[in-house]
Amino acid sequence: MIQWGKLGGREAYLRGYNVLGHRTLMWWSNERGYSRVTWEDFRKYDLLGAVELVDRVAALTRMPFFSSEIAITAESGAGQYCLIDYVNDQCDIDPEAAPDRSPPASWVSWVCGRFAELTWRTKHGLAVEGEGTLYLADKG
């Protein structure tokens, strides 16, 4: 029932992630699967509001790892972002499950790196550092 717009010829539909306090955005489409949001996309389409929405959901749920589907409506302003589902706690991190629709391997490596770092720091009694980063692709 939600009508999302188009941004640069693609559906204005994102999947926003909270990965242990780090955030990332991916373009999402039922037809094309995942595609990395680039820093250029982030600036060009002013996607900071989507990241802020992920932060708000993380604060409310206190979940360390989740994704949320976010539609960008044709409206402008505060009502522009619409959560389609609030949280998915079982995120797809298998790049080989469906090669044409799975998340990119480089992104999966980044996610696994965050989990490995947390595990290592916890095992060695070290504080978790670096939360709050935004991970996007350098280029498409």
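So here's what we get for this one:
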{"item": "Matching option when the condition is farther than 23 Å from Val57 by Cβ and in a loop (DSSP other than H, G, I, E, B), among Arg101, Arg121", "result": "Arg101"}
{"item": "Filter result (β-branched (Val, Ile, Thr) and under 12 Å from Leu83 (Cβ atoms)) within region 41-60", "result": "Val54, Val57"}
{"item": "Failed item, numbered, when Phe66 is tested on (1) among the aromatic types (Phe, Trp, Tyr); (2) at pLDDT below 95; (3) under 12 Å from the mean Cα position of the chain (by Cα)", "result": "(2)"}
{"item": "Region 104-116, residues that are touching a strand residue (DSSP E or B) at 6+ places or on another chain (Cβ under 7 Å) and part of a helix (DSSP H, G or I)", "result": "Trp107, Trp110, Val111, Arg114"}
{"item": "Selected residue (only one of Gly21, Gly16 is within 18 Å of Leu134 (Cα to Cα) and at pLDDT below 95)", "result": "Gly21"}
{"item": "Residue check, Val87 out of contact with any His (no Cβ under 8 Å at 6 or more places or on another chain), surrounded by 11 or more Cβ atoms within 10 Å (Cβ to Cβ), on the phi < 0 side of the Ramachandran plot and part of a helix (DSSP H, G or I)", "result": "no"}
{"item": "Candidate set from region 14-62 (those that are of a type in the set (Asp, Glu) and part of a helix (DSSP H, G or I)); member that is surrounded by the most Cβ atoms within 10 Å (Cβ to Cβ)", "result": "Asp41"}
{"item": "Residue in region 44-55 that is more than 20 Å from Trp107 (Cα to Cα) and either among the small types (Gly, Ala, Ser) or within 9 Å of the chain's Cα centre (by Cα) (or both) present", "result": "yes"}
{"item": "Test: residue in region 85-96 that is over 22 Å from Val51 (Cα atoms) and without any contact (Cβ under 8 Å) to a residue 12 or more places away in the chain", "result": "yes"}
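To keep it simple, each residue is scored yes or no on (1) in contact (Cβ under 8 Å) with a residue 40 or more places away in the chain; (2) out of contact with any helix residue (DSSP H, G or I) (no Cβ under 9 Å at 6 or more places or on another chain); (3) more than 15 Å from Gly16 (Cβ to Cβ).
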site	(1), (2), (3)
Gly49	no, no, no
Arg62	no, yes, yes
Ile70	yes, no, no
Arg101	yes, yes, yes
Val108	no, yes, yes
Cys112	no, yes, yes
Leu126	no, no, yes
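The values are calculated or read from the model by the stated rules, or taken from the named source; none is laboratory data. Fair warning: this is a prediction, and the values are worked out from it, not measured in the lab. Cβ sites come from the backbone with ideal geometry, for glycine too, and all protein chains shown count toward neighbours.
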